[in-house]
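Enquirer: Below you will find the structure I want to go over with you.
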Amino acid sequence: MNNKLLAKAVQDYINANLNADVNQIALAKSPFEGISPAELATQIAAKKKSEKKLPTWFHAENIYYPPVLSIEQTSSEITAKYKSKLAKGHTLIDVTGGFGIDSYYFSQKVKKVTHCEINDELSAIAQHNAQALHATNIEFKAEDGIAYIQKGDTTYDTIYVDPARRAEKGKVFMLIDCTPDVAGNLDILLEKSSRTIIKTAPLLDISAGLSELTQVSEIHIVSIKNECKELLWVIDKGYKNDTKIKAVTLNNETEKDFSFYRSSSNASVHFTNHLTIGEYLYEPDAALLKSGAFNLIGTTYGLLKLHPQTQLFSADGIKTDFPGRIFKIESILNTGELKKEVNLKGNVIVRNYPAKPEDLVKKYKIKADQTQFLIFTKTANGENVILKASIIQYY
C-alpha cells in the first residue's frame, strides 16, 4: 500500500477524475510526489468500477482500491449481504478473503470474523478499508486460509470459501479445477466447523458439484436482473438428507425465491393446447433455469408449458410472485403474417426456434423498442409461432 494515496489532495484528485481517460492519466506526469501515474490510474479505474457494484465503498472516505481485476472478481454488495444470512453461530473464518466484501457483511451477522488472504498487499488493503468502514470485529491474517485452519486448534461455527479457477483453466465445470481445492480439503473443513459455505461461479454444474461434495444441505442459486451471479453450497456437518435448492432473485430491493428438494425436481407438467390473445406468457428467471426444475416451475405456479424443450409458460392471470418476466400476448403470428407487418418494433426473444435473434432482426427489419417484444418460439404441437407481447413484469 502506498499511504500517500490517502492524502486529502490525492483523494480529491481521484474523485475529480472518475470520468477521465485513465490511460492518459497513466501516461502523463503525476502531480503528486511519491505517487506514480499508474497508481493514480489504478485507483480511479477501480473506484469507478465500484460505483454500482460496491456503493458503500464508493461513497465512503479514504477507501483504498486494489487493481481492477480484484474488483471484478469480488462479490457485489447485494450478493454479499444475501450470503451473510447463511452464516451460522458466532464465529466465522473467510479463508479466501480477497478485497473483504464478504467478510464485511459477515461481520454484520456474527460476533467475530477472521479474514485470511495470501496476498500481503490485498490483506493490508482489506484491513485498512474495514477500519475506514468501522468494522471492528474482523481479524486479518495475511496467509493461506486453508493452511491457517489446518495448523491451528481453533474451530469455527462457519467457514466460508470462495475458490478461484486456476489460471490455466478457462471454463470450469469441476471444483477440482479451482484453488483452493475444497473437495480435497473437505475433511479438514468439516473438522474445523459445523457449517461450510462455498461460493462458486454459476457455470459450475450442480450435479458435478454434488458428486465432489458431501453433506450438502442447501444450494442457493443467486441471480440479479436475470443473470446468475453465484452458486452457494451450504455444507452442514452430519447432514444426510435431500439437498434443498433455492433459486433466489435479487432485484430492486426485492427478493424472490423458488425452493424445492432435489428429489422433487422431476415433476410432471401440463401443456397448453393453444395460446390466445390476452393470455400472459411467463419466462423463468435465469436462477430458476439453472436449478433444472423446468416442470416443477409450472406446477408450483399453476402455469401451462408451451413445449417440452421451451422453457416458457402461459396462464390467464398475473402472478406477481413469479420470479421472472411476464408478458401479455397481444397477437399471435406465423412467418407469412409477420412478413406483411410494416414498421415492426420490439425486442426479439428466441426460444426453441430455428433462427438466431440477430438474423431475425435483419430479415424482418425489426426496430428496437423498450416495452414491446417479439417472441419467436414453438408450441406443444410443434408449430413455430411469433408472439407480439408487452412486458408486464421484468423480475
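The values are calculated or read from the model by the stated rules, or taken from the named source; none is laboratory data. All of these numbers come straight from a predicted model, not from anything done at the bench. Neighbour counts run over all protein chains shown; Cβ positions are idealised from the backbone, glycine included.
Enquirer: Pairs needed: first member in the stretch 296-319, of a type in the set (S, T, N, Q); second member anywhere, surrounded by 15 or more Cβ atoms within 10 Å (Cβ to Cβ) and in a helix (DSSP H, G or I); C-beta distance under 9 Å; at least 6 residues apart or different chains.
Expert: Matching pairs, first to second residue: Q311/L288; Q311/L289; Q311/F294; Q311/I297.
Enquirer: Suppose we filter V113, V161, V95, V68 for residues that are touching a strand residue (DSSP E or B) at 6+ places or on another chain (Cβ under 6 Å) and more than 24 Å from A183 (Cβ to Cβ); which single one remains?
Expert: Criteria check complete, one pass: V113.
Enquirer: Quick one: E341 ticks every box in (1) crowded, with 20+ Cβ neighbours inside 10 Å; (2) without any contact (Cβ under 8 Å) to a residue 40 or more places away in the chain bar one, so which box is it?
Expert: Result: E341 passes all but (1).
Enquirer: OK, next. On the given criteria, is L210 surrounded by fewer than 21 Cβ atoms within 10 Å (Cβ to Cβ), of a type in the set (A, V, I, L, M), more than 21 Å from G97 (Cβ to Cβ) and assigned by TED's automatic domain parsing to the domain that holds K83?
Expert: Answer is yes for this residue.
Enquirer: For the stretch 207-260, which residues satisfy the criterion of being of a type in the set (D, E) and under 13 Å from A286 (Cα atoms)?
Expert: E227, E230, D257
Enquirer: Identify the single condition in (1) in contact (Cβ under 8 Å) with a residue 40 or more places away in the chain; (2) in a loop (DSSP other than H, G, I, E, B); (3) more than 27 Å from F106 (Cα to Cα); (4) not aromatic (F, W, Y) that L18 does not satisfy, given that it satisfies every other one.
Expert: Going through (1) in contact (Cβ under 8 Å) with a residue 40 or more places away in the chain; (2) in a loop (DSSP other than H, G, I, E, B); (3) more than 27 Å from F106 (Cα to Cα); (4) not aromatic (F, W, Y) one by one, L18 breaks only (1).
Enquirer: What number of residues within the stretch 291-314 are among the basic types (K, R) and surrounded by fewer than 21 Cβ atoms within 10 Å (Cβ to Cβ)?
Expert: So the answer is 0.
Enquirer: Here's something else I'd like to know. Across the stretch 192-201, what is the total count of residues that are within 13 Å of R165 (Cβ to Cβ) and outside any strand (DSSP E or B)? Write out each step before concluding.
Expert: Going through the stretch 192-201, the residues within 13 Å of R165 (Cβ to Cβ) turn out to be 199-201.
Filter once more, keeping what is outside any strand (DSSP E or B): 201.
The total comes to 1.
Enquirer: In the stretch 271-290, what residues are surrounded by 14 or more Cβ atoms within 10 Å (Cβ to Cβ), of a type outside the set (D, E, K, R) and touching a residue at least 24 places away in the same chain (Cβ under 8 Å)? If you could, list the steps in order and put the result at the bottom.
Expert: Taking the stretch 271-290 and keeping what is surrounded by 14 or more Cβ atoms within 10 Å (Cβ to Cβ), we get 271-272, 275, 279-290.
Filter once more, keeping what is of a type outside the set (D, E, K, R): 271-272, 275, 280-282, 284, 286-289.
Scanning the stretch 271-290 gives F271, T272, L275, Y280, L281, Y282, P284, A286, A287, L288.
Enquirer: Can you list the helices (runs of 4 or more DSSP H) found entirely within the stretch 72-186 that contain at least 1 residues being under 21 Å from A46 (Cβ atoms) and modelled with pLDDT of 95 or more?
Expert: So the answer is 77-84, 101-106, 120-132.
Enquirer: Out of the stretch 178-230, which residues are under 26 Å from F258 (Cβ atoms) and among the polar types (S, T, N, Q)?
Expert: Once the filter is applied, which keeps residues that are under 26 Å from F258 (Cβ atoms) and among the polar types (S, T, N, Q), the stretch 178-230 yields T196, T200, S207, S211, T214, Q215, S217, S223, N226.
Enquirer: Then there's this: Give me the residue from the stretch 353-369 that is in contact with a Leu (Cβ under 8 Å, 6 or more places away or on another chain) and assigned to a loop (DSSP other than H, G, I, E, B) and, out of that set, surrounded by the fewest Cβ atoms within 10 Å (Cβ to Cβ).
Expert: K365
Enquirer: Considering K328, K388, which residue is farther than 30 Å from D257 by Cβ, touching a Phe, Trp or Tyr at 6+ places or on another chain (Cβ under 9 Å), modelled with pLDDT of 95 or more and not assigned by TED's automatic domain parsing to the domain that holds A201?
Expert: K388
Enquirer: For the stretch 74-81, check the following and say yes or no: at least one residue is in contact with a Phe, Trp or Tyr (Cβ under 7 Å, 6 or more places away or on another chain) and in contact (Cβ under 8 Å) with a residue 40 or more places away in the chain.
Expert: Among the residues of the stretch 74-81, not one is in contact with a Phe, Trp or Tyr (Cβ under 7 Å, 6 or more places away or on another chain) and in contact (Cβ under 8 Å) with a residue 40 or more places away in the chain, which makes the answer no.
Enquirer: Only one of (1) within 26 Å of the chain's Cα centre (by Cα); (2) assigned to a loop (DSSP other than H, G, I, E, B); (3) closer than 29 Å to Y13 by Cα; (4) of a type in the set (S, T, Y) fails for T42. Which number is that?
Expert: Every condition holds for T42 apart from (2).
Enquirer: Further, regarding this structure: I need a count of the residues in the stretch 178-226 that are more than 20 Å from the chain's Cα centre (by Cα), without any contact (Cβ under 8 Å) to a residue 24 or more places away in the chain and closer than 22 Å to S75 by Cβ.
Expert: 1
Enquirer: Just to be sure before I move on: is T79 over 20 Å from the mean Cα position of the chain (by Cα) and assigned by TED's automatic domain parsing to the domain that holds P180 in the structure I sent?
Expert: No, not satisfied.
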